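Report on one structure; see the data block that follows.
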Ligand SMILES: Nc1ncnc2c1ncn2[C@@H]1O[C@H](COP(=O)(O)OP(=O)(O)O)[C@@H](O)[C@H]1O
Ligand SMILES: [Mg+2]
């Protein structure tokens, strides 16, 4: 039970989840108001983990629906167990035969069978998928609908009815309403916009990268063997790295892997060689690796390299820079369409071979 915002922060911390007041407020209000939470944010910032931790705090079972392209009602709600239905009709063949014996023609036989079809479309033959499981559970549960942006928009529309009154309708059985409303957490990695209708039904929360203090606290909690000074330096490096123009900036999950690796390697101090050797734990794209390699010294030492065109202490729109905030070494151009196309071609070349690609390239790049 969440009794207050302060207590929510403590309860989550007891389960090794560090959060600020803003996040705790949404978690607390969702509980009090019985509304779903919709969490958006980059991958690896603790969205899924929050649902798991809430389930532990509430002492509830966690039911998870992982979304993917093509997810439909049969995998989210329920489906009929066709194999079992078939097996039962095989076993009951003789019984069904005698039952239909008196029917003179096909129409009569079908009609007679139809009157009893509810036997085969009953609770005994239904496969409950996560949403139906959550609704029909005897004890209230936490329902995690994870990465909804992977599913199609139609799926969002399908969810609306469920989210409004926590009930679902199975035509053959009727409406199943939750005995106690589940605590629902929906997450999105922000790969596409979600519908306004979905947002309206939820308490919305954006989780971004944590501030320095919170990130350090998470490392202390999850990688206690790491020395304090090393952890502080690692956090600094990662914060600078996030200000580079990377395709996928390191998230908390990557930072924790990196911290773990540094402990395993008995590292006492970060240096250029070590950072070079462990970059792959922080960034996962070759282009990002190259970017990081170009800025190793700045990442490690944060030596002030003034930005061309920007006055000291001000950003390029003339707003004052946060004194604690990391400063990127140079303004990064937003990749234009040609850049992107060149990158796609480079990528494709690796798979299909350069010669074939050259022939297929638009405009023939001879
Ligand atoms: N606030 C936090 N406190 C503690 N651990 C966190 C926090 N945020 C993220 N983590 C850790 O980071 C990792 C990635 O979190 P996850 O929930 O899988 O990210 P997401 O679902 O946003 O992609 C997990 O191992 C989790 O333990
Ligand atoms: Mg996740």
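The values are calculated or read from the model by the stated rules, or taken from the named source; none is laboratory data. Owing to the predicted nature of the structure, the values given are computational and were not obtained by experimental measurement. Heads up, the Cβs are rebuilt from the backbone with ideal geometry, glycines too, and the neighbour counts pull from every protein chain shown.
Assorted remarks:
- Restricted to segment 181-297, the set of helices (runs of 4 or more DSSP H) holding at least 1 residues that are surrounded by fewer than 17 Cβ atoms within 10 Å (Cβ to Cβ) and within 11 Å of ligand 1 (Cβ to nearest atom) comprises 212-222, 252-264.
- One residue stands out in segment 65-92 among those that are within 16 Å of ligand 2 (Cβ to nearest atom) and either surrounded by fewer than 16 Cβ atoms within 10 Å (Cβ to Cβ) or under 30 Å from residue 116 (Cα atoms) (or both): the one that is nearest to the chain's Cα centre (by Cα), namely 66.
- For segment 93-136, residues that are outside any helix (DSSP H, G or I) and surrounded by 13 or more Cβ atoms within 10 Å (Cβ to Cβ) total 7.
- With respect to the conditions (1) assigned by TED's automatic domain parsing to the domain that holds residue 48; (2) over 33 Å from the mean Cα position of the chain (by Cα), residue 144 falls short on a single one, namely (2).
- Options 24, 30: the member that is closer than 21 Å to residue 218 by Cα, crowded, with 18+ Cβ neighbours inside 10 Å and away from ligand 2 (no atom under 16 Å from the Cβ): 24
- Conditions (1) outside the structural domain of residue 28 (by TED's automatic domain parsing); (2) out of contact with any helix residue (DSSP H, G or I) (no Cβ under 6 Å at 6 or more places or on another chain); number of the one not met by residue 200: (1)
- Test: residue 52 is within 14 Å of ligand 2 (Cβ to nearest atom) and surrounded by fewer than 21 Cβ atoms within 10 Å (Cβ to Cβ): yes
- Matching residues in segment 13-38 - criterion: being in contact with a helix residue (DSSP H, G or I) (Cβ under 7 Å, 6 or more places away or on another chain) and more than 8 Å from ligand 1 (Cβ to nearest atom): 15, 20, 21, 24, 25, 27, 28, 36, 37, 38
- Residue check for residue 161: modelled with pLDDT under 95 and either within 16 Å of ligand 1 (Cβ to nearest atom) or part of a helix (DSSP H, G or I) (or both): yes
- Inter-residue pairs, beta-carbon under 7 Å, first farther than 14 Å from residue 206 by Cβ and in segment 34-50, second more than 10 Å from ligand 1 (Cβ to nearest atom) and in a loop (DSSP other than H, G, I, E, B), 6+ apart: 34/181; 35/202; 36/201; 36/202
- Verdict on residue 42 being at pLDDT 95 or above and away from ligand 1 (no atom under 13 Å from the Cβ): no
- Inside segment 71-92, residues that are within 30 Å of residue 153 (Cβ to Cβ) and not in a helix (DSSP H, G or I) make up a count of 7.
- Only a single item in (1) in a loop (DSSP other than H, G, I, E, B); (2) touching a residue at least 40 places away in the same chain (Cβ under 8 Å); (3) within 12 Å of ligand 1 (Cβ to nearest atom) is not met by residue 60, and it is number (3).
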